[in-house]
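What follows is a set of notes on a single structure, which appears directly below.
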Amino acid sequence: MAFLEVRDIVKSFGGLRALQDVSLSVEKGEIRAIIGPNGAGKSTLFNVMTGLLSPDSGEVRFDGERISGIPPYRVIRKGIGRSFQITNIFPRMSVFENVQVALFSHHRENRSALTLARNFREVTDEVLAVLGLVGLADKFDSSASVLSHGDQKRLEIAITLACRPRLLMLDEPTAGMSRFESRETIALLQKISREQGLTLVFTEHDMDIVFGISEKITVLQQGMVIADGEPAEIKANPEVRKAYLGEEIAE
Amino acid sequence: MALLELASVNTFYGRSHILFDVSLSVGKGEVVSLLGRNGAGKSTTFRSIIGLTPPQTGEVIFKGERISGMRAFRICRKGVGFVPEDRRCFPDLTVRENLEVAVRREKQTSSPWTVEKVYSLFPRLQEREKNLGSQLSGGEQQMLTIARTLMTNPDLLLLDEPSEGLAPMIVALLADMIIRIRAEGVTVLLAEQNLHFCAKVADRGYVIDKGSVKYEGKISDLLGNEEIKEKYLAV
Amino acid sequence: MTGFLDISFLTVQVLSALRLAAFLFLISSGLTLIFGVLNILNFAHGALYMLGAYFMFWVTSQVTGPGGFFLAMAMAPLGVALIGMILEMGLLRRIYIQEEIYQLLLTYALVLIIDDLAKIVFGAEYKSIPKPAFLEGAITLFGGTVPTYTILVVVIAPTVAALLWYLLYRTKTGKVIRATSSDREMADALGINMKALFTLVFAFGAVLAGFGGALAGPARTVFPGVGTEVIIECFVVVVIGGLGNLWGALVGSLLIGALETVGIIVFPEFEMGLIYLLMVAVLVVRPWGLFGKPLKIKALSEKNLSFESQEISPVHFSSRPWLWVIPVVLLLIFPAFAGRFYQYLLTQIFVAALMAVAFNLLLGTTGLLSFGQAAFFGVGAYTVGLLLTKTGTGTMPALGLSLFTSAVAASVIGFFCVRLTGVHFAMLTLAFGQLIFAIAFKWYGFTGGDNGIQGIPVREIPLAGLGLLDIGSTKSMYYFVLVVAGLAVAFLRRVRSSPFGATLKAIRENGQRASYLGINVTLYQWTAFVIAGTFTGLAGGLFALMERSISPEIIHWTKSADPVLMTIIGGIYTFVGPAVGAVVLIVLNSYIVAWTEYWALVLGMVLLLLVLLLPGGVIGFVNEKARDYLTRSGWIRRWLFSKSATS
């Protein structure tokens, strides 16, 4: 069985079918992009895969374990990290604390109520190491809310990485970044996933990035998988082309 | 002189820079399309024009008057109508009420839109007149938001991805409606990623990618330009 | 035979229930309308109701006779509307983008100010408003005697409801109001002037409140503070019905009207508690009320994040213990220089500070606004009071048990509350608080009812092998409370700077992100709730010891407002802020009360200025400056790296 296995997911909102029999499987160490036009169901799929939504039917298995239908905090503890389309950090905490709290959670130290946080020296070191990795080490004492957008996105990646996930799910990791920032971020992600053997699943609208780094691509349209394969296959697929450019309209 | 003119517009969401020096112009009576993939900056361009996310630098000129910096309701009253991509009809109001709350500028217009007039354009809405906004299908919601915006009697209509998520038959229907709206003297700026839909209704087009304009020209030229299509529109 | 099935009896009761429902509806409909469009829960709505009644009083005293009565009935709503417009345009408008606590607080400040202004203008006494002769008498209906005025009220209220329906569903403005309450941004883009509409809706809500006051005035009486009694009932109505929903307000009013009427007959001992019991039951089963929809949670980007650098965070926190020695030494030697009055004043401050600091673990640290904290204070105080008066328990065991009972109470109440957020959380804690208040107030056999417990014996504390410690004198009580509260505050300080505290802060900042770090958000919120409740209970226990008498007033919701005020005065996102707020509030109180009877007016003004000018509180302001200095001097950087394990 594949590392991440999505089987026949159906999800409706009211009368609207957001996902229809979506299946895909991701191998360990793979870099997988999920693309599709607006409203294709990418975010819904991400939310189902990480426990924010329960599927109406079908299941998601990660490393052999069923993870659909259990709350996000338990999905995460199985070794999945997720970042969000809209920057999702702890704004009124310092950069340092943002990562620190993630590490406390990872080491299951959040319950320690009687030891001062600053006395966890190993954690302090780890925080600085993670911040170094994403290039935020010298900004550790600024409030997260005053960072530039690119830095905030980087911080979010740092928070996600701090929990040592085996599978990283990134929802538009470069949204709102300048071209320079997004190139840097992608290089960083590639480096980390290679070094740590991470599996990467991401959505992205920047096609340069999608075709630049992914090994396999899944294309969604109107809640259905219309294509699944290697970048070259996807590029040549007429169905995909139609999804993006629309059908010819008969006179 | 152009009806709408954007000059080097830069727009931010919080700290994130979305639009980079976007300039474009729309002449009176034209249908112009703004093409680009999702996330390219089409919606932000529209929100910058209507004043919901005002630009930080640059100018938006409408009928010779600077409208950037005005609040949205003022811009609407100047004659800019905005149809958002997520079809936000008022869910607790009936179809007719949705139309009634938008009535505006009847006196500034020679033959103003009335409920009956938009019903003749969208007969389906008349059938569902008493239904709540939340009870409509996706296509009906799309028609209602367009119809509702027409009730403000705009000189310029901003249509944000009207074809998104609709069945091909409805998309063809929608194209006819845009042509009829234009015939009523309304200028249309249309954001789309569906090139063929644009080809049916628009004269000119801008291609936008990563927040800046990459191409400007006739739609017919764009249809033949494989390079631009590959690079910015298809995958 | 007179029984429940007696038709005349039934007629009288039904009409009395309807009368009550009518008044409730008139006020609640405006309250819920304002919430629906402006998203503000207007504490001052009761004050507007009171103003309506005073307008009625004033006009009828100027122009007598039936003409004056009807003139007043017409003038009162308009006068209140004018005041409403001024308040909206002058004050409320400035805080729409703030977090909801500031909105609640601003309207609460208005309550304090308006109440005292009414006292200055009209005097503190109860005023009754004359009715014209033809409305004075009573008529007989199905054998029951019903006041004519009740008939008038019961006829007018449905007329107003019908009119409201017509306005909202048949006029363009009404449709615009409904459209705006579901999607502001879209309404804006369709050419609707939001600012003007907000003013209009607030004024219209004020009209309804003012009319309610004008109509209720002659039937009830009017006095400064009457609005405060009314507003809580109306909160119950709109929360049960669903915030922002007009039909909810109607159904809620009828329910409460019926329940109170039946309650008085069937269950007089607990009539007051019934409505809170109903509210708790509704919110537990349907968190958004009977007709309500889940409120959209504001995205972080829409919130005002002006407090980004108020906290000297654990990274920045000074590790110089001698800084703490100074105040501790000062407090220890204080009784040598100050008389008994000041010793007592400071003891009061210690208790209040403990309560406020514990409370702020919920508000400032976890981001949950509890409006029922007095309940735990009361549980602790009554535990100590009852144990010491009714049993031979020692002082320390009693204090220990107060920790236990308040922990149990907080565990149970917290279990239900943490499933809600924002205003609904605040309302559910309020309901639980009032429920406990009602129990203490009415259960004469156990709690002494409204008499409370007097003459609580404070027994000497045995110290192992060292004899007995007497804490009976003011001075020894000062030291006792200082030590106990001091240790508790030190404990809370530690909790807040621990990984657990960091987790709570993360939940406050972004609950969704926290759950995506593998944190069980609800469990942590519950734990914070229990800790806050437990230490508030300890403060209550200390209070019972130092005062030696307690009464149910310490559980009333107005007491729950105290820690909120202290926290905001001192600084919500700081640890010592609430304690500083306790000092400010209690010292101000004891001096200002000696100087003027209008303490509420002064407090209201202070709050108003704080919300508008210094929302971070006193300590928040100081910290901001200190942090800037520390950052600039590079001290933080040196300190952090000296803490690193590898260095």
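From B:204, B:180, which residue is in contact (Cβ under 8 Å) with a residue 40 or more places away in the chain, exposed (fewer than 15 other Cβ atoms within 10 Å of the Cβ) and either over 26 Å from residue A:174 (Cβ atoms) or more than 17 Å from the chain's Cα centre (by Cα) (or both)? If you could, list the steps in order and put the result at the bottom.
On the way: B:204 fails: exposed (fewer than 15 other Cβ atoms within 10 Å of the Cβ).
Only one candidate passes the filter, namely B:180.
How many of the residues making up the stretch A:105-126 are of a type in the set (A, V, I, L, M) and more than 7 Å from chain C (Cβ to nearest Cβ)? Let's see the steps before the verdict.
Going through the stretch A:105-126, the residues of a type in the set (A, V, I, L, M) turn out to be A:113-114, A:116-117, A:123.
Restricting the remaining residues to those that are more than 7 Å from chain C (Cβ to nearest Cβ) gives A:123.
Going through the stretch A:105-126 one residue at a time, the tally reaches 1.
With the structure loaded, tell me whether residue B:132 is aliphatic (A, V, I, L, M) and either without any contact (Cβ under 8 Å) to a residue 12 or more places away in the chain or facing chain A (nearest Cβ under 9 Å) (or both) or whether it fails that test.
Working: aliphatic (A, V, I, L, M): yes; either without any contact (Cβ under 8 Å) to a residue 12 or more places away in the chain or facing chain A (nearest Cβ under 9 Å) (or both): no.
In short, no.
Answer yes or no: is there a residue in the stretch A:49-61 that is away from every other protein chain (no Cβ under 13 Å), surrounded by fewer than 21 Cβ atoms within 10 Å (Cβ to Cβ), small (Gly, Ala, Ser) and in contact with a helix residue (DSSP H, G or I) (Cβ under 8 Å, 6 or more places away or on another chain).
Scanning the stretch A:49-61, I find at least one residue that is away from every other protein chain (no Cβ under 13 Å), surrounded by fewer than 21 Cβ atoms within 10 Å (Cβ to Cβ), small (Gly, Ala, Ser) and in contact with a helix residue (DSSP H, G or I) (Cβ under 8 Å, 6 or more places away or on another chain), so the answer is yes.
So which of B:164, B:216 is in contact with a Pro (Cβ under 9 Å, 6 or more places away or on another chain), of a type in the set (Asp, Glu), in contact (Cβ under 8 Å) with a residue 60 or more places away in the chain and farther than 25 Å from residue B:110 by Cβ? Give the derivation first.
On the way: B:216 fails: in contact with a Pro (Cβ under 9 Å, 6 or more places away or on another chain).
Of B:164, B:216, the one residue that is in contact with a Pro (Cβ under 9 Å, 6 or more places away or on another chain), of a type in the set (Asp, Glu), in contact (Cβ under 8 Å) with a residue 60 or more places away in the chain and farther than 25 Å from residue B:110 by Cβ is B:164.
Please tell me if residue A:102 is farther than 13 Å from residue C:515 by Cα and either of a type in the set (A, V, I, L, M, F, W, C) or at the interface with chain C (Cβ under 8 Å from one of its Cβ atoms) (or both).
Working: farther than 13 Å from residue C:515 by Cα: no; either of a type in the set (A, V, I, L, M, F, W, C) or at the interface with chain C (Cβ under 8 Å from one of its Cβ atoms) (or both): yes.
For residue A:102, the condition - farther than 13 Å from residue C:515 by Cα and either of a type in the set (A, V, I, L, M, F, W, C) or at the interface with chain C (Cβ under 8 Å from one of its Cβ atoms) (or both) - is not met.
Being at pLDDT 90 or above and at the interface with another protein chain (Cβ under 9 Å from one of its Cβ atoms) narrows it down to one of A:162, A:129, so name that one. Please lay out each step first, then the result.
Working: A:129 fails: at the interface with another protein chain (Cβ under 9 Å from one of its Cβ atoms).
When all the criteria are applied, what remains is A:162.
Could you tell me which of the residues C:189, C:196 is without any contact (Cβ under 8 Å) to a residue 24 or more places away in the chain, in contact with a strand residue (DSSP E or B) (Cβ under 6 Å, 6 or more places away or on another chain) and within 14 Å of another protein chain (Cβ to nearest Cβ)?
Values: C:196 fails: in contact with a strand residue (DSSP E or B) (Cβ under 6 Å, 6 or more places away or on another chain).
Within the list C:189, C:196, the selection yields C:189.
Just checking: which of the helices (runs of 4 or more DSSP H) contained wholly in the stretch B:1-100 hold 2 or more residues that are within 15 Å of the chain's Cα centre (by Cα), within 14 Å of chain A (Cβ to nearest Cβ) and surrounded by 20 or more Cβ atoms within 10 Å (Cβ to Cβ)? Let's see the steps before the verdict.
On the way: elements: B:42-50, B:72-78, B:95-100.
Once the helices (runs of 4 or more DSSP H) in the stretch B:1-100 are filtered for at least 2 residues that are within 15 Å of the chain's Cα centre (by Cα), within 14 Å of chain A (Cβ to nearest Cβ) and surrounded by 20 or more Cβ atoms within 10 Å (Cβ to Cβ), what remains is B:42-50.
Here's a check for you: in the stretch C:495-525, which residue that is of a type in the set (Phe, Trp, Tyr) and closer than 15 Å to residue C:364 by Cα is farthest from the other protein chains (Cβ to nearest Cβ)? Step through it out loud before you land on a result.
Residues of the stretch C:495-525 of a type in the set (Phe, Trp, Tyr): C:500, C:516, C:524.
Next, from what is left, pick out any that are closer than 15 Å to residue C:364 by Cα: C:500, C:524.
Numbers: C:500: 4, C:524: 7 Å.
Across the stretch C:495-525, the extreme among qualifying residues is C:524.
Consider residue B:153 carefully, then state whether it is out of contact with any Cys (no Cβ under 7 Å at 6 or more places or on another chain), more than 12 Å from chain C (Cβ to nearest Cβ) and either surrounded by 15 or more Cβ atoms within 10 Å (Cβ to Cβ) or hydrophobic (A, V, I, L, M, F, W, C) (or both).
Working: out of contact with any Cys (no Cβ under 7 Å at 6 or more places or on another chain): yes; more than 12 Å from chain C (Cβ to nearest Cβ): no; either surrounded by 15 or more Cβ atoms within 10 Å (Cβ to Cβ) or hydrophobic (A, V, I, L, M, F, W, C) (or both): yes.
For residue B:153, the condition - out of contact with any Cys (no Cβ under 7 Å at 6 or more places or on another chain), more than 12 Å from chain C (Cβ to nearest Cβ) and either surrounded by 15 or more Cβ atoms within 10 Å (Cβ to Cβ) or hydrophobic (A, V, I, L, M, F, W, C) (or both) - is not met.
Given the stretch C:415-523, what helices (runs of 4 or more DSSP H) lie entirely inside it while holding 1 or more residues that are among the basic types (Lys, Arg) and closer than 29 Å to residue C:337 by Cβ? Give the steps one after another, and end with the answer.
Numbers: elements: C:422-442, C:444-447, C:474-496, C:499-509, C:511-515.
Per the criteria, C:474-496.
Working carefully through the options A:69, A:81, find the one that is small (Gly, Ala, Ser), touching a Ser or Thr at 6+ places or on another chain (Cβ under 7 Å), buried (at least 21 other Cβ atoms within 10 Å of the Cβ) and more than 30 Å from residue B:35 (Cβ to Cβ).
Of A:69, A:81, the one residue that is small (Gly, Ala, Ser), touching a Ser or Thr at 6+ places or on another chain (Cβ under 7 Å), buried (at least 21 other Cβ atoms within 10 Å of the Cβ) and more than 30 Å from residue B:35 (Cβ to Cβ) is A:81.
From the residues in the stretch C:263-277 that are touching a residue at least 40 places away in the same chain (Cβ under 8 Å) and not acidic (Asp, Glu), which one is nearest to residue C:16 (Cα to Cα)?
Narrowing the stretch C:263-277 to residues touching a residue at least 40 places away in the same chain (Cβ under 8 Å): C:265, C:269-270, C:272-273, C:275-277.
Next, from what is left, pick out any that are not acidic (Asp, Glu): C:265, C:270, C:272-273, C:275-277.
Details: C:265: 12, C:270: 19, C:272: 16, C:273: 19, C:275: 17, C:276: 20, C:277: 21 Å.
Here the answer is C:265.
Given the residues A:180, A:211, which is the only one that is at the interface with another protein chain (Cβ under 9 Å from one of its Cβ atoms), surrounded by fewer than 20 Cβ atoms within 10 Å (Cβ to Cβ) and either among the aliphatic types (A, V, I, L, M) or farther than 26 Å from residue A:72 by Cβ (or both)?
On the way: A:180 fails: at the interface with another protein chain (Cβ under 9 Å from one of its Cβ atoms).
From the options A:180, A:211, the qualifying one is A:211.
So residue A:199 fits all but one of (1) under 14 Å from the mean Cα position of the chain (by Cα); (2) more than 16 Å from residue A:84 (Cβ to Cβ); (3) of a type outside the set (A, V, I, L, M, F, W, C); (4) within 12 Å of chain B (Cβ to nearest Cβ); what number is the exception?
Single failed check for residue A:199: (4).
Of these, C:280, C:315, which one is surrounded by 15 or more Cβ atoms within 10 Å (Cβ to Cβ), of a type in the set (Val, Ile, Thr) and modelled with pLDDT of 90 or more?
Values: C:315 fails: modelled with pLDDT of 90 or more.
Only one candidate qualifies: C:280.
For the stretch C:130-147, what are the residues that are surrounded by 13 or more Cβ atoms within 10 Å (Cβ to Cβ) and either at pLDDT 90 or above or part of a strand (DSSP E or B) (or both)?
Of all residues in the stretch C:130-147, those surrounded by 13 or more Cβ atoms within 10 Å (Cβ to Cβ) come to C:130-132, C:135, C:138, C:141-142, C:144, C:146-147.
Matches in the stretch C:130-147: C:138, C:141, C:144, C:146, C:147.
The values are calculated or read from the model by the stated rules, or taken from the named source; none is laboratory data. A quick note: this is a predicted structure, and the numbers were derived from the prediction, not measured. Cβ atoms come from the backbone with ideal geometry, glycine included; neighbour counts cover every protein chain shown.
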